[in-house]
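Comments concern the structure below.
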Amino acid sequence: MEKENIYILGIESSCDDTSTAVLCNDKILSNVVADQKIHAEYGGVVPELASRAHQQNIVPVVHQALEKAGVNKDQLSAIAFTRGPGLMGSLLVGTSFAKSLAYGLHIPLIDVNHMQAHILAHFIDEDDHAKPPFPFLAMTISGGHTQIVKVSNHFEMEVIGETIDDAVGEAYDKSGKVLGLGYPAGPEIDRRAQLGNPKAYKFTKPKVDGLNFSFSGLKTAILYFVQRETKANANFVEENLNDICASIQYTIIGILMDKLKLAVKQTSIKHIAIGGGVSANSGIRKALKDGEQKFGWTTYIPKLEYTTDNAAMIAIVGYLKFLKKDFSDFDVMATARLKI
Ligand code: KG4
Ligand code: ZN
């Protein structure tokens, strides 16, 4: 007998993107993201505005995802949603919506940890993407997270290193702000870094024990550096922007790679998967690829649309939990500080 297809609707609303996806087994049929432009005006995500925008977006994005997938809501096998971590007001919108929809359709509800989802996005079935073998190391780098996780199987994960202050994406965005760049500044710094000299200016790397990271000192160092240099030359930033961006990027990549090398040494695991918005960075991708030659790593880089915040990654975790019949009670609560 042929196995029945499993259709999962995934809902992600942990930060400033309202996203829904429909998946058939481990294949994505649709992945719709409504990002919220409004935050650019404020130079960062404003939680109250984010939750209001989620409320406006959620019904249309669910309709769009179902329509694009060509799936009727009565065909759905379960609803998976992001329980946490994230902004409470934002999480509540997705959580309440997922509960009412699952309840109304009489189908299981599946809660998903957003950080696990960034990692399990690698298990979405794609022709040109190899799935990492267990055990592997996952480095999750975004505007909200910086973690190195030892992944022993789909649901056995251990955080072996994380930031003690800012996330790496915040380091990019806050440095960009000092340089007068728009928000988010990561892509612009990356673009300019490719045109500049990475060794033009030297910023010291933080000294943090073990596999943990710290990025708040770098932002302050850049601020003082810019203040000092503009005192001597008011046009310093404009005249040297590409070199400054290249030097910042060089420092950030150095910090990430040092810790990754240490993690590989400590665990003897050489399969490395990355995720999160910062993994779009050209320099980081290159450093990881170079490491394949230099250190014998194998790296796994997902498609960009599955690496920034998206519901496809929530849906794939929903699918993997569905196979284990790991369903949630309807009194499950959104949890802002949910741990892996
Ligand atoms: O995963 P994401 O879309 O949202 C969360 O923060 O969860 O990541 C957004 C972050 C921002 O900080 C943005 O500046 C950074 O990813 N980013 C980049 C690049 N593209 C996006 N940082 C460096 N280089 C890039 N090419
Ligand atoms: Zn994220």
All-but-one check, residue 87 against (1) within 16 Å of ligand 1 (Cβ to nearest atom); (2) modelled with pLDDT of 95 or more; (3) under 27 Å from residue 61 (Cα atoms); (4) not β-branched (Val, Ile, Thr), failing number (2)
Of the residues in segment 292-322 that are more than 16 Å from ligand 2 (Cβ to nearest atom) and among the hydroxyl-bearing types (Ser, Thr, Tyr), the one that is nearest to the chain's Cα centre (by Cα) is 300
Within segment 147-182, how many residues are free of Cβ contacts under 8 Å to residues at least 12 places away in the same chain and within 16 Å of ligand 2 (Cβ to nearest atom)? 0
Restricting to segment 89-135, count the residues that are part of a helix (DSSP H, G or I) and either in contact with a Ser or Thr (Cβ under 8 Å, 6 or more places away or on another chain) or more than 19 Å from residue 27 (Cβ to Cβ) (or both). 24
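Which ones in segment 145-163 are assigned to a loop (DSSP other than H, G, I, E, B), surrounded by fewer than 20 Cβ atoms within 10 Å (Cβ to Cβ) and either within 12 Å of ligand 1 (Cβ to nearest atom) or not hydrophobic (A, V, I, L, M, F, W, C) (or both)?
The one that is assigned to a loop (DSSP other than H, G, I, E, B), surrounded by fewer than 20 Cβ atoms within 10 Å (Cβ to Cβ) and either within 12 Å of ligand 1 (Cβ to nearest atom) or not hydrophobic (A, V, I, L, M, F, W, C) (or both): 154.
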Quick one: residue 166 ticks every box in (1) surrounded by fewer than 16 Cβ atoms within 10 Å (Cβ to Cβ); (2) in a loop (DSSP other than H, G, I, E, B) bar one, so which box is it? (1)
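Within segment 54-79, which residues are within 15 Å of residue 32 (Cα to Cα) and among the hydrophobic types (A, V, I, L, M, F, W, C)? Quick ask: steps written out before the conclusion?
So in segment 54-79, the residues within 15 Å of residue 32 (Cα to Cα) come out as 54, 56-71.
Result: 58, 59, 61, 62, 65, 66, 69, 71.
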Can you name the residue in segment 169-182 that is open to solvent by 30 Å² or more (accessible area, probe 1.4 Å) and near ligand 1 (Cβ under 8 Å from one of its atoms) and, of all such residues, is nearest to residue 212 (Cα to Cα)? 170
Test residue 120 against the criterion of being more than 16 Å from ligand 2 (Cβ to nearest atom) and out of contact with any Pro (no Cβ under 9 Å at 6 or more places or on another chain), and give yes or no. no
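Given 333, 257, which one is aliphatic (A, V, I, L, M), away from ligand 2 (no atom under 16 Å from the Cβ), closer than 26 Å to residue 36 by Cα and surrounded by fewer than 22 Cβ atoms within 10 Å (Cβ to Cβ)? Even if it seems obvious, please write down each step before you answer.
Working: 257 fails: closer than 26 Å to residue 36 by Cα.
After applying the criteria, what remains is 333.
Please tell me if residue 238 is within 20 Å of residue 191 (Cβ to Cβ), at pLDDT 95 or above and either open to solvent by 10 Å² or more (accessible area, probe 1.4 Å) or not in a helix (DSSP H, G or I) (or both). Step through it out loud before you land on a result.
On the way: within 20 Å of residue 191 (Cβ to Cβ): yes; at pLDDT 95 or above: yes; either open to solvent by 10 Å² or more (accessible area, probe 1.4 Å) or not in a helix (DSSP H, G or I) (or both): yes.
Yes, satisfied.
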Report yes if residue 217 is within 16 Å of ligand 2 (Cβ to nearest atom), assigned to a helix (DSSP H, G or I) and buried (at least 17 other Cβ atoms within 10 Å of the Cβ), otherwise no. no
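The values are calculated or read from the model by the stated rules, or taken from the named source; none is laboratory data. Quantities reported herein were computed from a predicted structural model and do not represent experimental measurements. When we count neighbours, we look across all protein chains shown, and the Cβ atoms used for this are built from the backbone with ideal geometry, even at glycine. SASA here: full protein model, heavy atoms, side chains in, ligands and nucleic acids out. Shrake-Rupley method; radii C 1.70, N 1.55, O 1.52, S 1.80 Å.
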